[in-house]
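Right, one structure below, let's go through it.
The values are calculated or read from the model by the stated rules, or taken from the named source; none is laboratory data. Note that the coordinates shown come from a computational prediction; the quantities given were computed from them, not determined experimentally. Every residue, glycine among them, receives a Cβ derived from its backbone with ideal geometry; neighbour counts consider all protein chains shown.
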Amino acid sequence: MDAELSAWESGGGYFNLAATGHRVFFRDFGAANAEPDDTALLMHGFPESSFSWHKVVEGLLGHFRRVVVFDLIGYGFSDKPGADAYGYSLMEQADVALQVWGQLGLRGGHLIAHDMGDSVSTELVARSVAALLPAWFDSGFRSVTFTNGSMVLELAKLRVTQRLLLTRIGPVLASLVVKKAFAQQVRSAQGSDALSDRDIELMWQINRQGDGHRKTYLTIRYLLDRRRFEATRWLPALGAASMPIHLCWGDADAVARVEMAHHLKRHVCPNAHLTVMPGVGHFCQLSDPQQWLDSVLAFYSAAG
């Protein structure tokens, strides 16, 4: 494993989930006593990990006093169990997020999500709207920023491999994945040429931890949840949410196209603030970290 990834792991910690015993990796930056208004809670995407935030953590700490990242089950350095031990639903992943934050003594914060993390976050917003968040999370989400994720599935341009992973041949396809094919899929989704070979190499290496690259047919199951609950649960919750919502989108994304952000603003959550990052692709915080930081932090600066 690359030294940069080893350093990322050594700077973090692990704890076991109470219900399942699965091990979760996390990193907690800044002041442990920061108030919720000064805390950023980051949620990574597919097929990523907490390491996808490594280029923007320092910049976020220029605005927030505390930044918390972690690897969802099936990703990064967290456990990657088989289908018999974990369902990989968005509901389960939302439970994981709350357990991480509870273990760290968090009472709330500003939620910033990307890709699949957007979907986990819509479930958390739905729980917030329904007053179903834990009592200890009493300050709730001070705001939610969504970046480049397939939040309206009918508008997403899924790659052929993504679609096949959801079929009966998914396990076979995942077992055959090699770095070259992985890199092609990542570049295809990116939609711009700004993602470096090193970015993809590190993404590949961390995917290989715990044979995660063989289990993408499980982690991608979140798309099935989107089909089932998007129209009835998650999009209505966004429309009913009282916290500030920021839609921050790179307009070169080939999968979660910028039309999705405009649709959300126009038809789902008209009170949301929309920021379009010109020329920025799907893996926005990796490929264009400075523009991502400028765009995300401008929203918080304007909100006071």
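If only residues of the stretch 279-295 that are buried (at least 21 other Cβ atoms within 10 Å of the Cβ), in a helix (DSSP H, G or I) and not small (G, A, S) are counted, the one that is farthest from the chain's Cα centre (by Cα) is W292. So which of L111, L90, L124, L104 ends up being without any contact (Cβ under 8 Å) to a residue 40 or more places away in the chain and either in contact with a helix residue (DSSP H, G or I) (Cβ under 9 Å, 6 or more places away or on another chain) or hydrophobic (A, V, I, L, M, F, W, C) (or both)? Answer to the selection: L124. Among residues of the stretch 149-179 being modelled with pLDDT of 90 or more and not β-branched (V, I, T), the one that is surrounded by the fewest Cβ atoms within 10 Å (Cβ to Cβ) is E154. Taken over the stretch 197-241, the criterion of being of a type in the set (G, A, S), more than 24 Å from L164 (Cβ to Cβ) and in contact (Cβ under 8 Å) with a residue 60 or more places away in the chain is satisfied by A237, A240, A241. Being closer than 25 Å to A83 by Cβ, touching a Leu at 6+ places or on another chain (Cβ under 9 Å) and not β-branched (V, I, T) is the filter here; which residues of the stretch 220-240 pass it? Hits for the stretch 220-240 are R221, Y222, L223, L224, D225, R226, R227, F229, E230, W234. Those residues that are closer than 11 Å to F137 by Cα, small (G, A, S) and in a helix (DSSP H, G or I), I need them from the stretch 80-112; list them, please. Matches in the stretch 80-112: G102 only. Select from the stretch 3-20 the residues that are in a loop (DSSP other than H, G, I, E, B), at pLDDT 95 or above, exposed (fewer than 14 other Cβ atoms within 10 Å of the Cβ) and touching a helix residue (DSSP H, G or I) at 6+ places or on another chain (Cβ under 9 Å) and list them in ascending order. Listed by number, the list is empty, since nothing qualifies. Scanning the stretch 243-276 for residues that are part of a loop (DSSP other than H, G, I, E, B) and touching a residue at least 40 places away in the same chain (Cβ under 8 Å) yields a count of 8. Check the stretch 34-49 and report whether any residue there is over 19 Å from S121 (Cα atoms) and of a type in the set (S, T, Y). No, there is no match, as no residue in the stretch 34-49 is over 19 Å from S121 (Cα atoms) and of a type in the set (S, T, Y). Listed by position, the helices (runs of 4 or more DSSP H) inside the stretch 160-203 whose residues that are out of contact with any strand residue (DSSP E or B) (no Cβ under 8 Å at 6 or more places or on another chain) and under 13 Å from P47 (Cβ atoms) number at least 3 are 160-165, 179-190. With respect to the conditions (1) over 18 Å from the mean Cα position of the chain (by Cα); (2) more than 22 Å from I73 (Cα to Cα), Q209 lacks only one, and its number is (2). Within the set I200, I220, I245, the sole residue that is crowded, with 19+ Cβ neighbours inside 10 Å and at pLDDT below 95 turns out to be I220.
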